[in-house]
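Q: Have a look at this one before I ask anything.
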Amino acid sequence: MNFREIAAKAGVSVATISRVINQPNSVLPETREKVLCVMKEVGYNVNSAKGGNVVPVNGIAVIVPSAIKTEYNSFIQGIISVTSRRNFRVSVFYSNGEIETERQLIHDILNYKYKGGIFMETNLSNGDAHELHLKSFPFVLAQCAAGNTKENVCCINVGEGAYLLTKHLLELKYKHIMLMAEEDSAFVGISEGCKRAAEEAKVGINRMSLEKGENGFKGGMKCAKRIVDMPKEKRPDAVLCPNDLFAIGMLRMFESQKIQVPGDIAVASLRDNELGEVASVELTRIICPFNRLGMMSARMLFDLFEDEQEDIPQEVVLQPKLEIGKSCGNDRDIVAEFL
Amino acid sequence: MSIEFAGLSLKNPVVVAAGSWSSNQENIQKCIDNGAAMVITPTICSEPTPAVNPEVFYKENEVYSLSLYSHYAIEDWEDELEKVEKKDSYVFCSIRGTTVSEIVFLAKQVERIGADGIQLNLFAPMDISLEKSILQTEEKLKNTVKQVVKAVHIPVMVRVPHYIASNVNYVKALNDSGAMAISGIDSIRGLYGVDIEKACAIPDAVAGYTGSHIKPISLAATATLSQLTNMDISSVGGIRNGRDILEFIMLGASTVQLGSVILEKGHAYIGQVIEEISYWMQERGYSSYSEIKGKALNTLLTFEKMAKKVGR
């Protein structure tokens with residue numbers, strides 16, 4: 001008899017059965033008794049339940065590329081808001097975006113007997129994932145390439161965000177849009193989103209490549225200077241920045257060079273963060289729900305701890321939202337609400 | 001006097017709509033203890049929605065609500081629902097997400113925590129972003145609902161606004177989606193007014209407008225849905241008393257939802273309304289709500305037929 005059948009027989013939810021096994025103290029004593037009686041009656045062995053006796057501690061390991069980005073902090077906060085409700089501890093590890101570091105971390109995580117893991121923007125190969133499956137280690141991949149049907153994946157559709165933002169700029173009649181992008185894990189989705197919007201409008205989009213680590217404030221300053229140094233006729237009339245911090249760097253450089261935003265050039269950001277709130281010009285940007293990404297990833301992981309889940313990997317995609325500020329020349333006050 | 005709804009046997013046709021009056025275990029329990037056959041939770045999203053103050057503007061039966069989604073996370077609802085003593089009533093969870101996969105995931109989550117059914121809240125008046133994505137076409141709407149129906153083992157109901165209730169193509173798409181019930185209407189995008197001295201909109205954001213003034217719109221939506229669908233209809237919008245409930249049933253509703261009136265009169269009013277309709281039914285010798293369901297529909301004519309009738 002499985003969780004669902006036991007739940008039906010005991011007149012409780014599947015979630016309650018899971019809690020009786022994993023967190024018995026969080027269940028009302030009379031409910032717990034009722035469930036245990038039904039389990040006994042049907043000969044269900046609590047200790048044989050998957051997840052019930054795998055690891056002595058309720059620990060979850062989270063790997064993120066770095067400690068710097070505020071979106072990763074938001075993601076971790078989302079995870080903690082879910083895990084804390086179930087009395088699980090979270091340990092955070094930083095991979096620096098390097099596959100070898102990530103492999104070493106996973107090796108350590110397995111040794112420390114964490115109950116499961118959430119890996120953000122991972123570089124792990126299918127072979128690495130297979131190894132984890134062989135060791136019966138439940139894990140969720142966050143913000144890896146959408147369309148990964150072999151693993152449990154939760155991601156924000158950054159491609160759709162790029163599409164919405166590019167389309168918005170094209171609707172505002174910008175003709176020479178430049179995408180500032182590093183070839184990271186989000187690059188393919190972002191460039192496809194921009195391309196889709198550009199093709200619909202029958203225009204092209206230029207790209208300025210960023211070096212690794214060049215997508216912060218200093219990178220924004222540097223790239224803005226490159227644009228300032230271009231002959232006027234070759235300058236873009238709008239730029240798509242990888243994130244708010246980069247956009248702030250650009251705004252700073254443009255201001256120092258007496259270039260007006262949005263009068264001379266529009267500046268838009270493909271990924272929000274808290275610092276964007278202090279930009280000298282209110283930014284038009286894509287709001288990426290990293291807190292929600294963390295919450296959903298944690299819930300997916302908890303699903304894997306329960307014996308009831310189907311074997312088919314789940315993929316949950318979250319939609320980003322366009323927030324219209326003043327940095328691209330919008331003059332309608334509440335238009336963002338309709339997008 | 002029970003009634004069949006979405007494959008469930010309800011003890012009466014009175015349902016409590018999603019809203020602040022069903023915001024937690026305590027309020028849901030009050031609804032059940034006062035006799036509601038079914039209670040719908042506020043809309044549960046992947047992350048809790050921050051509370052604003054004030055959440056509701058109220059004036060002479062007009063309600064402007066800025067609180068469309070639940071302030072609780074699913075984990076909170078897990079605790080709340082576990083404490084609810086359902087007795088012979090049912091609890092549906094209203095849910096909303098930004099993509100099909102997110103909505104499907106939420107549906108499975110609320111089933112896991114003990115929902116007896118799901119209400120899909122796809123057309124929220126304060127956030128019409130889904131209408132540019134997963135609801136952009138009839139086919140997309142059908143696919144969204146179909147995937148939710150496929151993912152869970154409990155009945156699925158779809159809540160629609162008045163403009164969808166009268167859209168033949170969208171309702172047909174829902175007919176083919178596998179949803180067992182349809183509820184309507186949603187509250188309407190509304191602003192209370194403008195302070196002309198300060199040149200300032202009231203409230204600060206577009207709200208969900210409801211109250212007795214939207215009852216005529218809701219009645220027309222119920223009558224239209226009765227013509228367009230075989231799904232069970234749960235009417236909502238401007239219902240204040242037993243007489244209103246009977247009117248909706250006579251236009252084809254299986255169940256009727258009380259919402260903002262509970263804000264004004266309190267949870268005990270649910271019991272009074274149930275008594276009122278039971279008394280009316282008994283007085284007139286009806287033994288089942290199915291005897292009056294849709295009874296007024298055949299008096300509703302097309303304009304052309306009405307013109308001929310008046311002409312005669």
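The values are calculated or read from the model by the stated rules, or taken from the named source; none is laboratory data. What you are looking at is a predicted structure, and each value in this text was computed from that prediction instead of being measured. Cβ sites come from the backbone with ideal geometry, for glycine too, and all protein chains shown count toward neighbours.
Q: Count, please, the residues in the stretch B:13-30 that happen to be within 16 Å of B:ILE239 (Cα to Cα) and either of a type in the set (Phe, Trp, Tyr) or more than 15 Å from the chain's Cα centre (by Cα) (or both).
A: So the answer is 1.
Q: Picking from B:GLU102, B:GLU111, which residue would you name as being part of a helix (DSSP H, G or I), within 13 Å of another protein chain (Cβ to nearest Cβ) and under 21 Å from the mean Cα position of the chain (by Cα)?
A: B:GLU111 is the lone residue from the list that is part of a helix (DSSP H, G or I), within 13 Å of another protein chain (Cβ to nearest Cβ) and under 21 Å from the mean Cα position of the chain (by Cα).
Q: Next up: Could you please find all residues in the stretch B:9-23 being surrounded by 20 or more Cβ atoms within 10 Å (Cβ to Cβ) and either out of contact with any strand residue (DSSP E or B) (no Cβ under 9 Å at 6 or more places or on another chain) or in a strand (DSSP E or B) (or both)?
A: Selection gives B:LEU10, B:VAL14, B:VAL15, B:VAL16.
Q: Can you tell me which residue is nearest to B:GLY35 (Cα to Cα) among those in the stretch B:67-83 that are among the hydrophobic types (A, V, I, L, M, F, W, C) and more than 8 Å from chain A (Cβ to nearest Cβ)?
A: Restricting to residues being among the hydrophobic types (A, V, I, L, M, F, W, C) and more than 8 Å from chain A (Cβ to nearest Cβ), the top hit is B:TRP77.
Q: Could you tell me whether any residue of the stretch B:40-61 is surrounded by fewer than 22 Cβ atoms within 10 Å (Cβ to Cβ), at positive phi and at pLDDT below 95?
A: The answer is yes, given that some residue of the stretch B:40-61 is surrounded by fewer than 22 Cβ atoms within 10 Å (Cβ to Cβ), at positive phi and at pLDDT below 95.
Q: Next question. Could you look through the stretch A:86-98, keep only residues that are hydroxyl-bearing (Ser, Thr, Tyr) and surrounded by fewer than 19 Cβ atoms within 10 Å (Cβ to Cβ), and pick out the one that is nearest to the chain's Cα centre (by Cα)?
A: It comes out as A:TYR94.
Q: Continuing with this model, one more query. When you look at A:GLY117, is it farther than 24 Å from B:PHE105 by Cβ and away from chain B (no Cβ under 14 Å), yes or no?
A: Details: farther than 24 Å from B:PHE105 by Cβ: no; away from chain B (no Cβ under 14 Å): yes.
No.
Q: Could you tell me whether A:SER136 is of a type in the set (S, T, N, Q) and without any contact (Cβ under 8 Å) to a residue 40 or more places away in the chain?
A: No: the conditions fail for A:SER136.
Q: Regarding A:MET295, is this residue touching a residue at least 12 places away in the same chain (Cβ under 8 Å), assigned to a helix (DSSP H, G or I) and outside the structural domain of A:HIS176 (by TED's automatic domain parsing)?
A: Yes, satisfied.
Q: Which of the numbered conditions does B:ILE270 fail, given that it passes all the others? Conditions: (1) in contact with a His (Cβ under 8 Å, 6 or more places away or on another chain); (2) part of a helix (DSSP H, G or I); (3) surrounded by 21 or more Cβ atoms within 10 Å (Cβ to Cβ).
A: (1)
Q: Now a separate question. Tell me, which residue of the stretch A:74-85 that is touching a strand residue (DSSP E or B) at 6+ places or on another chain (Cβ under 9 Å) and not β-branched (Val, Ile, Thr) is surrounded by the most Cβ atoms within 10 Å (Cβ to Cβ)?
A: A:PHE75
Q: Would you please name the residue that is surrounded by the fewest Cβ atoms within 10 Å (Cβ to Cβ), looking only at residues in the stretch A:235-281 that are hydrophobic (A, V, I, L, M, F, W, C) and farther than 22 Å from A:LYS321 by Cα?
A: The residue in question is A:ILE259.
Q: Taking interchain pairs and intrachain pairs at least six residues apart, which have beta carbon atoms under 6 angstrom, with the first residue in the stretch A:228-240 and charged (D, E, K, R) and the second part of a helix (DSSP H, G or I)?
A: A:ARG235/A:ILE227
Matching residues to (1) in contact with a Leu (Cβ under 9 Å, 6 or more places away or on another chain); (2) farther than 13 Å from A:MET295 by Cα; (3) away from chain B (no Cβ under 14 Å):
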| residue | (1), (2), (3) |
| --- | --- |
| A:ASN73 | no, no, yes |
| A:ILE79 | yes, no, no |
| A:ARG85 | no, no, no |
| A:SER95 | yes, yes, yes |
| A:THR101 | no, yes, yes |
| A:LEU110 | yes, yes, yes |
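Q: Sticking with this one: Pick out the one residue from B:VAL158, B:VAL148, B:VAL171 that is under 20 Å from the mean Cα position of the chain (by Cα), among the β-branched types (Val, Ile, Thr), away from every other protein chain (no Cβ under 14 Å) and closer than 30 Å to A:PHE3 by Cα.
A: B:VAL158
Q: Scan the stretch B:42-58 for residues that are under 22 Å from B:GLY190 (Cα atoms) and within 14 Å of chain A (Cβ to nearest Cβ) and report the count. Before you say what the answer is, go through the steps one by one.
A: Filtering the stretch B:42-58 for residues under 22 Å from B:GLY190 (Cα atoms) gives B:42-43, B:49-58.
When the remaining residues are screened for being within 14 Å of chain A (Cβ to nearest Cβ), the result is B:49-50.
Within the stretch B:42-58, residues that are under 22 Å from B:GLY190 (Cα atoms) and within 14 Å of chain A (Cβ to nearest Cβ) number 2.
Q: When only residues in the stretch B:62-74 that are at pLDDT 90 or above and of a type in the set (Gly, Ala, Ser) count, which is farthest from B:SER23 (Cα to Cα)?
A: Restricting to residues being at pLDDT 90 or above and of a type in the set (Gly, Ala, Ser), the top hit is B:ALA73.
Q: To continue, here is another question. Any residue at all in the stretch A:180-188 that is surrounded by fewer than 17 Cβ atoms within 10 Å (Cβ to Cβ), closer than 21 Å to A:ASP272 by Cβ and among the small types (Gly, Ala, Ser)?
A: Within the stretch A:180-188 (the criterion being surrounded by fewer than 17 Cβ atoms within 10 Å (Cβ to Cβ), closer than 21 Å to A:ASP272 by Cβ and among the small types (Gly, Ala, Ser)), the answer is no, since none of the residues qualifies.
Q: Just to verify a result, which residue in the stretch A:1-40, among those that are in contact with a Lys or Arg (Cβ under 7 Å, 6 or more places away or on another chain) and assigned to a helix (DSSP H, G or I), is surrounded by the most Cβ atoms within 10 Å (Cβ to Cβ)?
A: A:ALA15
Q: If you take just the strands (runs of 3 or more DSSP E) that sit entirely in the stretch A:159-241, which of them hold at least 1 residues that are at pLDDT below 95 and aliphatic (A, V, I, L, M)?
A: On the way: elements: A:177-182, A:206-210, A:238-241.
Once the strands (runs of 3 or more DSSP E) in the stretch A:159-241 are filtered for at least 1 residues that are at pLDDT below 95 and aliphatic (A, V, I, L, M), what remains is A:177-182, A:206-210.
Q: Would you please name the residue that is nearest to B:VAL156 (Cα to Cα), looking only at residues in the stretch B:114-140 that are within 9 Å of chain A (Cβ to nearest Cβ) and assigned to a loop (DSSP other than H, G, I, E, B)?
A: B:ALA115
Q: Another question, then. What is the one condition in (1) touching a residue at least 24 places away in the same chain (Cβ under 8 Å); (2) within 13 Å of another protein chain (Cβ to nearest Cβ); (3) not in a helix (DSSP H, G or I) that B:GLY35 does not satisfy?
A: Among (1) touching a residue at least 24 places away in the same chain (Cβ under 8 Å); (2) within 13 Å of another protein chain (Cβ to nearest Cβ); (3) not in a helix (DSSP H, G or I), B:GLY35 violates only (2).
Q: Kindly establish whether B:LYS86 is within 13 Å of chain A (Cβ to nearest Cβ), at negative phi and basic (Lys, Arg).
A: In short, yes.
Q: If the requirement is being basic (Lys, Arg), under 24 Å from the mean Cα position of the chain (by Cα) and either within 11 Å of chain B (Cβ to nearest Cβ) or more than 21 Å from A:LYS150 (Cα to Cα) (or both), which of these qualifies: A:ARG299, A:ARG252?
A: Just a single option satisfies the conditions, and that option is A:ARG299.
Q: Tell me, which strands (runs of 3 or more DSSP E) lie completely within the stretch B:172-239 with 1 or more residues that are touching a Pro at 6+ places or on another chain (Cβ under 6 Å)?
A: Ranges flagged: B:188-190, B:207-211.
Q: Going by the conditions given, is A:GLU151 under 19 Å from A:SER209 (Cβ atoms) and surrounded by fewer than 24 Cβ atoms within 10 Å (Cβ to Cβ)? Reasoning before the result, please.
A: Details: under 19 Å from A:SER209 (Cβ atoms): no; surrounded by fewer than 24 Cβ atoms within 10 Å (Cβ to Cβ): yes.
Criteria not met by A:GLU151.
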